[in-house]
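Inspection log for the structure reproduced underneath, given as structure tokens.
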Amino acid sequence: MKIVVFGLTISSSWGNGHATLWRGLCRALAARGHKVVFFEHDVPYYAMNRDAFEMPGGELVLYAEWDDIRRRAVREIADADVAMVTSYCPHGIAATDLVTDAPRALSVFYDLDTPVTLSRLSRGETTTYIGPRGLRDFDLVLSYTGGAALDRLRAQLWAQHVAPLYGHVDPMVHRPVAPADRFVSDLSYLGTYAADRQAALEAFFVEPARRRPERRFLIGGAQYPPDFPWTDNIFFVRHLPPPEHPAFFASSRLTLNVTRQAMAEMGWCPSGRLFEAAACGCPILSDTWEGLDAFFAPGSEILVARTTEDAVAALDRPDADLRRIAKAARERVLAEHTSDRRAATFEAAVESARSAVAEPMEV
């Protein structure tokens, strides 16, 4: 298949969760014989933090203005099998017009931020990627979030054919490596700062740091404000590109996952960080949300915190206990949550939607 994507970014992992996911998925799709052409708006903040310049088995098209590449977009879609618009695409509404008018390509919308999208639209806000017709004109709507989110996409945005396409990990990138001295920690956290994660981060990370002053805590990420409640035993490394993630996780005795508030409230929305850390062989402590147990078994493959006391208890577990949990999580991820498994899921969803579109309408 030739797949044309109008997305947020694949070239820079700075401050977003899209790029790493797309790199893994595109590599897996290429290995399965497909080609992806990815259109990305070339904005300064990604250009200054670009950590990928080409796509294995595909093509990255960077553009300054939509009008500059509109004609090329039409040409690429003309012989495509699938044409896709994603959440947070800066020119998503304009791209939607091209994608849904394509005579040949299956039109697909992929929301990698479903709870945020639904929350914004429910408040009457607009987006750059969903117009007044919602998602009714797409042949297939894919959602990074499952569960009740799929019903809401149908009810609120008139999506016709909906399927989940969850996060994943590329085991060629995220794998066990030797620890690095600068990343050594008893508890780590890797993530861009977000105000709606701050309460959980303070409960499960900052407060345990206060209670265990002899332990070393490490945060890796971007956009942290000056008034973040640092302690003497919390250290910081600025945004890390994906190639450095394995060393970060390999150097962590335990790592924390905190889910964005809208995603935690909706459930069935596993962060890519969960799969990355597990693939690197690092034991995980996570906040809890509906559906978590569909991806990892709490207690045996992942540790769950509801209170600060839970986080401290996880931190105090014996090393052998943490290693056992990490091993089980890695085995689960390699069996069920790789980019190749998601590529297969994508293929199946496309074929199902294509069959549904081909079925004659009842009269």
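The values are calculated or read from the model by the stated rules, or taken from the named source; none is laboratory data. This is a predicted model, so every value here is computed, not measured. Cβ coordinates were reconstructed from backbone atoms using ideal geometry, including for glycine residues, and neighbour counts include every protein chain displayed. SASA here: full protein model, heavy atoms, side chains in, ligands and nucleic acids out. Shrake-Rupley method; radii C 1.70, N 1.55, O 1.52, S 1.80 Å.
Under a Cβ-Cβ cut-off of 13 Å, what is the net charge of the residues other than residue 145 that fall near it, where Lys and Arg count +1 and Asp and Glu count -1? Spell out each step's value before the answer.
Numbers: positive: 152, 260; negative: 111, 113, 151, 265, 290.
In short, -3.
Could you give the size of the charge dipole of the chain about its Cα centre, using +1 on the Cβ of each K and R and -1 on the Cβ of each D and E, expressed in debye and rounded to the nearest 20?
It comes to approximately 500 debye.
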Q.
Could you tell me how far the Cα centroid of the stretch 277-303 sits from the Cα centroid of the stretch 240-259, in Å?
A. 14 Å
Q: Run the accessible area of the stretch 2-75 with a 1.4 Å probe and give the carbon-and-sulfur part as a rounded percent.
A: 51 percent
Q. Of all the C-alpha pairs in the stretch 69-169, what % are more than 22 Å from each other?
A. 25 percent
Q) When ranked by the protection proxy of mean other Cβ atoms within 10 Å per residue, highest first, what sequence do the peptides 328-338, 224-234 form? A) 328-338, 224-234
Q. So what is the calculated 222 nm ellipticity per residue for the chain, using -39500 (n - 2.57) for each DSSP H run with n of 4 or more, over all residues, to the nearest 500 deg cm²/dmol?
A. -11000 deg cm²/dmol
Q.
Per residue, how large is the accessible surface of the stretch 1-131? Use a 1.4 angstrom probe and give square angstrom.
A. 40 Å²
Q. So, counting K/R as plus one and D/E as minus one, what does the shell of residues with Cβ under 13 Å around residue 186 add up to?
A. +3
Q. Taking 0.36 nm per intervening residue step and subtracting the Cα-Cα distance, what contour gain separates residue 236 from residue 31 on full extension?
A. 70.1 nm
Q.
Placing +1 on the Cβ of each Lys and Arg and -1 on the Cβ of each Asp and Glu in the chain, which of 95, 337, 217 has its Cα farthest towards the positive end of the resulting dipole?
A. 217
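Please give the per residue accessible area of the stretch 217-363, computed with a probe of 1.4 Å over protein heavy atoms only, in Å².
Working: 6320 Å² over 147 residues.
Per residue, the stretch 217-363 has 43 Å² of solvent-accessible surface.
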Q) Hey, any idea what % of the stretch 131-259's accessible area is carbon plus sulfur with a 1.4 Å probe? A) 54 percent
Q: Using only C-alpha atoms and all pairs of different ones, pull out the Kirkwood radius for the chain in Å with one decimal.
A: 21.1 Å
